[in-house]
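The values are calculated or read from the model by the stated rules, or taken from the named source; none is laboratory data. Predicted model, so just to flag it, every value in this text is computed and none were measured. Every residue, glycine among them, receives a Cβ derived from its backbone with ideal geometry; neighbour counts consider all protein chains shown.
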Amino acid sequence: MLEVAGLDVKYGDVQVLWDISLTVGTGEVVAVMGPNGSGKSTILKAIIGLVRASAGRIALDGKPLAGVPTHAMAGEGVSLVLERRRLFPQMTVLENVRMGAFHPSARGRERERLEWVESLFPILRERRGQLAGRMSGGEQQMVAIARGLMSGPRLLMMDEPFLGLAPRIVGQIVDIIGRINAEGIAVLFNEQNVHLSFSNAHRGYLLESGRIVLEGAGLAMLEHEMVKRVYLGA
Amino acid sequence: MTATLFLEQVVNGIILGSMYALMGAGLALIYGTMRILNFAHGEFYMLGGFFVFFLFAQQHVHPVLAVVLSTAAVALIAALVQRLTVDILLKREGWAFSTIAVTLGVSVFLQNLALALWGERFQSVPYFVEGILQVGEFRLPWQRILILAVAVAVMATMAAVLRWTRFGWAVRATAQDPEAAAVVGVPARRIHTVTFALGAALAAVAAAMLAPVFAVNPWMGLPLIIKAFVVVVLGGLGSFPGAIVGGFLLGIVEAVGITLTSSEWRDVIAFGMMIAFLWVRPWGLFGVKER
């Protein structure tokens, strides 16, 4: 469904991504694992158009996404949960979630999707009127995911969805990713932790210094010699 | 000072404050969404004054129509200015200073344009409504009551738009996190242009209402924009409700202050208040304390 081929990204004169090629199939969960500063976030930002690629091709179901502005991506079926939640802090929980359905293509089904995301995260219904900036990190992450789902994406991207969360919350988010995927939504997420990445994804990519150095099925990645040696200390 | 005189001063302060609030609210709206200080804000105010002078005083258009047309014209000009200057700079790295330079440039350009078109003479505009309201010893011209009513109505409408409409949600979201807003489908560029135009329109409304009280001239925006900056600092940079409260507060303190001293002290009082605020509460009334 999503095809990225030969992607290069530069920040000024500094190149941060080199020849990235990856795919996400329909209904797949794919993880990009890499250490801090390896360029994971930049891949997702390039796909949704927040940073510009200097070379390469990005396509969704064969349709090139180059030149589609970020604010039109929701209409293409692509959504992104930004790193560190990035809620609208002075808006309420309900306003934040409803903002997720801002794109014209999402307005017609706003009500039923709101019901769906509130069934995924029942706490959002209880906290509707609370200012998003005053919630805990885990609750904010739930609002952020709910907001990302309100446009009805075919591909949901999540930038470090487990960052800074308590283990119990991490378990909940993992569970939610499974439930989102069960609805037929493809998921592409970033993570620094090897286990969290590859045990929760159908397929995974290993990113080092802006280059993909390894790819494979999720569980096979965990068993790979290189991953074991470098990241698992075996 | 008698109680009546004191009350009159407070009422005058509220009326003047409503104008400061209108000016400050426009400036705050623009700063809040784009993080730019619009130094041309006073000149959009000035254009509003001249358009009302032209339509109402010279062409004898009905005052309601004259005010509406003037405001719409200023909004259109502001949208054009935004697209030709600020919009281009917002896309570049390190644009913060260049937007100050460019809005200052626009300010100087518009002042000189007005000078060339209408000359340096102070032009007077008749009152929209005649007569004086008298309750006991208390006297107040209807024109001033009209100023307050229009200001309150315009600000309430604007607040309702921000709170309840899709456009308002988009403005608030863009102000709070432009990237996250873009991801959910908010076209930030269009929101920026419309917000800039609306901010300028608020200034134009203020000018239209004040034109009969003060005279119209190419430099009429200067004292007002300085006060608008004070208001925005008092209210908390970029806070719309903060600017409104700050505007009324400044108006009342100024009006009462000058009856206790003299009118030359007006600006001293305003800036003294701003400095005192920066000292004890630098993030303003409604701003968020930064760590």
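For region A:39-74: of the residues being at negative phi and in a loop (DSSP other than H, G, I, E, B), which is farthest from the other protein chains (Cβ to nearest Cβ)?
Residues of region A:39-74 at negative phi: A:40-48, A:50-55, A:57-60, A:63-66, A:68-74.
Add one more test, that the residue is in a loop (DSSP other than H, G, I, E, B), and what stays is A:50-52, A:65-66, A:68-69.
On the way: A:LEU50: 6, A:VAL51: 10, A:ARG52: 11, A:LEU65: 14, A:ALA66: 17, A:VAL68: 12, A:PRO69: 8 Å.
If we take residues in region A:39-74 being at negative phi and in a loop (DSSP other than H, G, I, E, B), then A:ALA66 is farthest from the other protein chains (Cβ to nearest Cβ).
From A:LEU214, A:LEU232, A:LEU188, grab the single residue that is surrounded by fewer than 20 Cβ atoms within 10 Å (Cβ to Cβ) and either closer than 21 Å to A:GLY77 by Cα or touching a residue at least 24 places away in the same chain (Cβ under 8 Å) (or both).
Working: A:LEU214 fails: either closer than 21 Å to A:GLY77 by Cα or touching a residue at least 24 places away in the same chain (Cβ under 8 Å) (or both); A:LEU188 fails: surrounded by fewer than 20 Cβ atoms within 10 Å (Cβ to Cβ).
Testing whether each residue is surrounded by fewer than 20 Cβ atoms within 10 Å (Cβ to Cβ) and either closer than 21 Å to A:GLY77 by Cα or touching a residue at least 24 places away in the same chain (Cβ under 8 Å) (or both) leaves just A:LEU232.
If I ask for residues that are assigned to a loop (DSSP other than H, G, I, E, B), within 12 Å of chain B (Cβ to nearest Cβ) and of a type in the set (A, V, I, L, M, F, W, C), which ones from region A:148-163 would you list?
Passing the criteria: only A:MET150.
List pairs: first residue in region B:177-202 and within 14 Å of another protein chain (Cβ to nearest Cβ) and on the phi > 0 side of the Ramachandran plot, second residue in a loop (DSSP other than H, G, I, E, B) and at pLDDT 95 or above anywhere in the structure, Cβ distance under 7 angstrom, at least six positions apart or on different chains.
Short answer, once both residue conditions are applied: B:GLY185/A:PHE102; B:GLY185/A:HIS103; B:GLY185/A:SER151.
Residue-wise test of (1) at pLDDT below 95; (2) of a type in the set (D, E, K, R); (3) crowded, with 19+ Cβ neighbours inside 10 Å.
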{"position": "A:ALA146", "(1), (2), (3)": "no, no, yes"}
{"position": "A:ASP159", "(1), (2), (3)": "no, yes, yes"}
{"position": "A:VAL174", "(1), (2), (3)": "no, no, no"}
{"position": "A:SER209", "(1), (2), (3)": "yes, no, no"}
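Within region B:118-139, can one find any residue that is surrounded by fewer than 18 Cβ atoms within 10 Å (Cβ to Cβ), out of contact with any strand residue (DSSP E or B) (no Cβ under 6 Å at 6 or more places or on another chain) and assigned to a helix (DSSP H, G or I)?
The answer is yes; a qualifying residue exists.
If you go through region B:176-194 one residue at a time, do you hit one that is in contact with a Gly (Cβ under 9 Å, 6 or more places away or on another chain), surrounded by 22 or more Cβ atoms within 10 Å (Cβ to Cβ) and under 23 Å from B:ALA21 (Cβ atoms)?
No, region B:176-194 contains no residue that is in contact with a Gly (Cβ under 9 Å, 6 or more places away or on another chain), surrounded by 22 or more Cβ atoms within 10 Å (Cβ to Cβ) and under 23 Å from B:ALA21 (Cβ atoms).
May I ask you to say which residue of B:THR85, B:THR4, B:THR33, B:THR99 is touching an Asp or Glu at 6+ places or on another chain (Cβ under 7 Å) and modelled with pLDDT under 95? Don't jump to the end; show me each part of the working.
Working: B:THR85 fails: touching an Asp or Glu at 6+ places or on another chain (Cβ under 7 Å); B:THR33 fails: touching an Asp or Glu at 6+ places or on another chain (Cβ under 7 Å); B:THR99 fails: touching an Asp or Glu at 6+ places or on another chain (Cβ under 7 Å).
Every option except B:THR4 fails the conditions.
Out of region A:75-86, which residues are among the hydrophobic types (A, V, I, L, M, F, W, C) and either within 7 Å of another protein chain (Cβ to nearest Cβ) or touching a His at 6+ places or on another chain (Cβ under 8 Å) (or both)?
Across region A:75-86, the qualifying residues are A:LEU80, A:LEU82.
If I filter region B:238-291 down to residues being of a type in the set (D, E, K, R) and farther than 14 Å from B:SER18 by Cβ, which single residue comes out as surrounded by the most Cβ atoms within 10 Å (Cβ to Cβ)?
Kept after step one, since they are of a type in the set (D, E, K, R), are these residues of region B:238-291: B:254, B:264, B:266-267, B:281, B:289-291.
Adding the requirement that they be farther than 14 Å from B:SER18 by Cβ leaves B:264, B:266-267, B:281, B:289-291.
Numbers: B:GLU264: 8, B:ARG266: 16, B:ASP267: 14, B:ARG281: 13, B:LYS289: 9, B:GLU290: 6, B:ARG291: 3.
Checked region B:238-291; the qualifying residue surrounded by the most Cβ atoms within 10 Å (Cβ to Cβ) is B:ARG266.
Would region A:120-134 turn up any residue that is within 18 Å of the chain's Cα centre (by Cα) and away from chain B (no Cβ under 12 Å)? It would help to see each step written out before you state the result.
Taking region A:120-134 and keeping what is within 18 Å of the chain's Cα centre (by Cα), we get A:120-121.
Filter once more, keeping what is away from chain B (no Cβ under 12 Å): A:120-121.
Yes, the conditions are met somewhere in region A:120-134.
Please go through (1) surrounded by fewer than 24 Cβ atoms within 10 Å (Cβ to Cβ); (2) at pLDDT 95 or above; (3) within 14 Å of chain A (Cβ to nearest Cβ) for B:VAL150 and return the number of the only condition it doesn't satisfy.
The failed condition is (3).
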